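Novice: To start, I am sharing the structure in question, which I have written as structure tokens.
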Amino acid sequence: MKKISYALIIIISFLSVNIALLNTLEEKSSALIKEAKSTNKIAIKLKNEWRDVRKLIKKASKAHTNKDYEKSINFAEQALNQAKMSIEQHNKQKDNYRFLDD
């Protein structure tokens, strides 16, 4: 009887850890998607949005709705990184003359 109760305790502890991990992954995924969207909006206002950022955000959102949070986090991190780099690129090149913007 003790062996069964110990086995149940171990199984329940693993399940509770997985549920807690799932919630944190879900929250992290959601937060990264929101941050990527807001950072990309800044890049759009600066007229320096990179090509793939919206696609990556869309993939991240789709993976999030399919509850594939690790994949969603990966796509959202890529989108956030590219959005930040586009803003950095704009800041470095804003003093240069851009003849296509006229």
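Novice: Could you list, in sequence order, all residues of segment 38-52 that are within 17 Å of the chain's Cα centre (by Cα) and part of a helix (DSSP H, G or I)?
Specialist: Result: Ser38, Thr39, Asn40, Lys41, Ile42, Ala43.
Novice: Output the qualifying pairs, or none if there are none: Cβ atoms under 8 angstrom, residues six or more apart or on different chains, first residue in segment 60-79 and without any contact (Cβ under 8 Å) to a residue 40 or more places away in the chain, second residue not in a helix (DSSP H, G or I).
Specialist: Pairs found: none.
Novice: Let me ask you something else. Among the candidates Ile42, Ile87, single out the residue that is open to solvent by 70 Å² or more (accessible area, probe 1.4 Å), farther than 21 Å from Lys28 by Cβ and among the hydrophobic types (A, V, I, L, M, F, W, C).
Specialist: Ile42
Novice: Considering segment 43-102 alone, what residues qualify as being more than 15 Å from Leu32 (Cβ to Cβ), touching a helix residue (DSSP H, G or I) at 6+ places or on another chain (Cβ under 7 Å) and of a type in the set (A, V, I, L, M)?
Specialist: Ala43, Leu46, Ile87
The values are calculated or read from the model by the stated rules, or taken from the named source; none is laboratory data. The model shown is predicted, which means the values in this text are computed figures rather than measured ones. Here Cβ is always computed from backbone atoms with ideal geometry, including for glycine, and neighbour counts include all displayed protein chains. Heavy atoms of the whole protein, side chains included, go into the accessibility calculation; ligands, DNA and RNA do not. Shrake-Rupley method; radii C 1.70, N 1.55, O 1.52, S 1.80 Å.
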